[in-house]
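Take a look at the structure set out below.
Just so it is clear, none of the values below were taken in a lab; they were calculated from the coordinates. For clarity, every value in this text was computed on a predicted model and none was experimentally measured. Glycine gets a Cβ as well: all are built from the backbone with ideal geometry, and neighbour counts include every protein chain shown.
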Amino acid sequence: MCSDRDRMSLYDRRVLPRLLDLVMRQETLAGYRARTVAAAHGDVLEVGIGSGLNLQFYGKAVSHLTGIDPSAELLAMAERRTAGAPCPVVLVQASAEALPLDDHAIDTVVMTWSLCSIPDPAAALAEMRRVLRPGGRLLFVEHGLAPEPSVRKWQNRLTPCWRHVGGGCHLNRKMDDLIRAAGFEIVSLDTGYMTGPRLLTFLYQGSATPGA
């Protein structure tokens, strides 16, 4: 008989990666991906590269791309998509809280719908700041805490259950505050709802640079 832990492990390894790939392939997300990734240049790190859905949007300004993700199953999907990338791609199974990169090694960090599921977002953002070169940029689009109290109430109520079935996804993280608290200066920020349930669709999209 399978224990709850065994069932969760099977879900995490077999079901969740395919579910995430399916959900994140929604056409409504493509425009947000393209606008975020288009500004990447030089040596790029994508945090939470997942199944590689951003690879098609990188341009010729990118000289090298390192993609990290904790899921071996998602990285295997990403590997199949590297053929269309405009630059060399290296995929690494690693945690965002302990990036396997030297200090100031990266020109651009890209993060799309990843910070919601990182167990320690403050540690991960500190690592992103560490690996960015002076003048480098963090490009991001994330869903998170909505401005309306009624929506926030349900985001806070549902997050403890949602994160167990959603790969650690938190509905109630205020992404701009987390980024600023990690020592970044936000250069541009657009917020608002995309199509879909309000609990899931309040977006933070923008760029930030490491603070002095």
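Each helix, a run of at least 4 DSSP H residues, gives -39500 (n - 2.57); summed and divided by the residues of the chain, these come to -10500 deg cm²/dmol at 222 nm. If the chain linking residue 76 and residue 56 were pulled fully straight, counting 0.36 nm for each residue of separation and taking away their Cα-Cα distance, it would gain 5.6 nm.
Within the listed set 167, 135, 67, the residue fluctuating most in the Gaussian network model of the chain (springs between alpha-carbon atoms under 10 angstrom) is 135. Above 23 Å lies some portion of the pair distances; for the range 1-150, what is it as a whole percent of all C-alpha pairs? Above the 23 Å cut-off, the range 1-150 has 36 percent of its Cα pairs.
Label-to-label distance, residue 93 versus residue 164, with points set 7 angstrom from Cα along the beta-carbon direction: 2.6 nm. Taking the Cα centroid of the range 188-203 and of the range 76-97, what is the distance between the two, rounded to the nearest whole Å? The two parts, judged by their Cα centres, are 27 Å apart. Each semi-axis of the equivalent ellipsoid for the range 58-212 is √(5λ) with λ an eigenvalue of the Cα gyration tensor; in descending order they amount to 26, 19, 15 Å. The H on the amide N of residue 104, modeled in the peptide plane, is under 5 Å from the matching H of 131, 132, each at least 5 residues off or on a different chain.
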